[in-house]
Amino acid sequence: MRILKERLKTQSSKKQYRCFLEIVLEMTSRFTISVSESVQTIVHNGYFRERFAEDEIYYHDVPEVWAKTYYWGHSNFWWKQGEERKRYKLPPLKPARKNKLERYMYIKVQEKGQNRFFASERTINELIKGELVGNSYKKLWEIHAINYNEALKKYYNHMGWEPYIEQQ
């Protein structure tokens, strides 16, 4: 993972690297996938390599949309849910992470750039172990929730933002 981190940091801008990390955070907090698996999924996706330029449309969508696209695949029409999936005879989607009370934290990573992230404690620890972020952080806020969407609702409320609505 260290070699991958160095390659990403040297071959991408801070904006690109930040976007990459935010997609990893989304994937690992939402789905039954590790940081390592998430990184490999993104890096081996041709669309990511081709479209990840400074002025690209890639930045016009939120990391949640990219995480769902990488995990489920664009051709699976993941944005079609419930009855709409049945109407179009689409196969069921791979499962998201099961509901389980987890600790989610808003942290400030103590490294150059002072990056701030909101993710599950498990994901934060995996990022540190994989050396994708610095190994020292300051916890700014935490919450326990049964899934990532519920955690995001509480986080948005804490930050004083408009209510969180899942991307479809």
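The values are calculated or read from the model by the stated rules, or taken from the named source; none is laboratory data. The structure displayed is predicted, hence computed values, not measured ones. Cβ sites come from the backbone with ideal geometry, for glycine too, and all protein chains shown count toward neighbours.
Can you say whether Tyr71 is at pLDDT below 75, part of a helix (DSSP H, G or I) and not hydrophobic (A, V, I, L, M, F, W, C), as far as the supplied structure shows? Against the criterion (at pLDDT below 75, part of a helix (DSSP H, G or I) and not hydrophobic (A, V, I, L, M, F, W, C)), Tyr71 does not qualify. Of all residue pairs spaced 6 or more apart or on separate chains, those with beta-carbon atoms under 7 Å, a first member in segment 65-85 that is within 20 Å of Ser34 (Cβ to Cβ) and in contact (Cβ under 8 Å) with a residue 40 or more places away in the chain and a second member that is in a helix (DSSP H, G or I) and among the acidic types (Asp, Glu) are Ala67/Glu26. Being among the aliphatic types (A, V, I, L, M) and either more than 15 Å from Leu101 (Cβ to Cβ) or over 16 Å from the mean Cα position of the chain (by Cα) (or both) is the filter here; which residues of segment 145-168 pass it? Ala145, Ile146, Leu152, Met159, Ile165, listed by residue number.
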